Amino acid sequence: TLPPKRPEDNGTLSDDSDSVGSSPGRGRRSRSRKGKPAPRWCSSYLEDLEAQEGLDPDSVFGVGVPRCELDDVFPQALYRAAGLGAGGAWKRRRRGSSGNWRRDGLARAEVQEYKRRCNHARPWAPAPEAPAPGDP
């Protein structure tokens, strides 16, 4: 489980339109950040990134990629709202062979070679839990 949020770890985001009198591009960002404190985690982010070097992302995110269901991404209601499909009778056409990528996967040897080249050798392990206040 995650620890509770700490206010000092959060910052305020500025919309570019908040910068009055600035022209697009140069200088806009620095003016909008002026006077804003940086979250505490920013003070060690380079060291934190270095500590992640060599970490195998598959040990963090897993190796399975969920199936992308086009009907979930593009529901019929979206097409109706866009005025596509006469009287809401729009029907998605059946996918042909271009929608079947089963044979296009990477071979285990290709995955291992990529991990070797990228130095993704070290598995992720959770940090040990800190003792609760008052525990020995």
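Rule-based calculations on the coordinates, nothing more; no lab input. Small disclaimer: the values here were computed from a predicted structure and weren't measured.
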- Query: Out of residues 5 or more away from Asp56 or on other chains, whose amide H comes under 5 Å of its own, with H placed 1.01 Å from N in the peptide plane?
  - Reply: Ala121, Arg122, Trp124
- Query: Can you list the HN-Hα couplings for the stretch 59-75, worked out from phi with the Karplus curve (6.51, -1.76, 1.60; θ = phi - 60°), rounded to whole Hz and with x for Gly and Pro?
  - Reply: 6, 9, 9, x, 9, x, 9, x, 5, 9, 8, 4, 5, 6, 6, 10, x
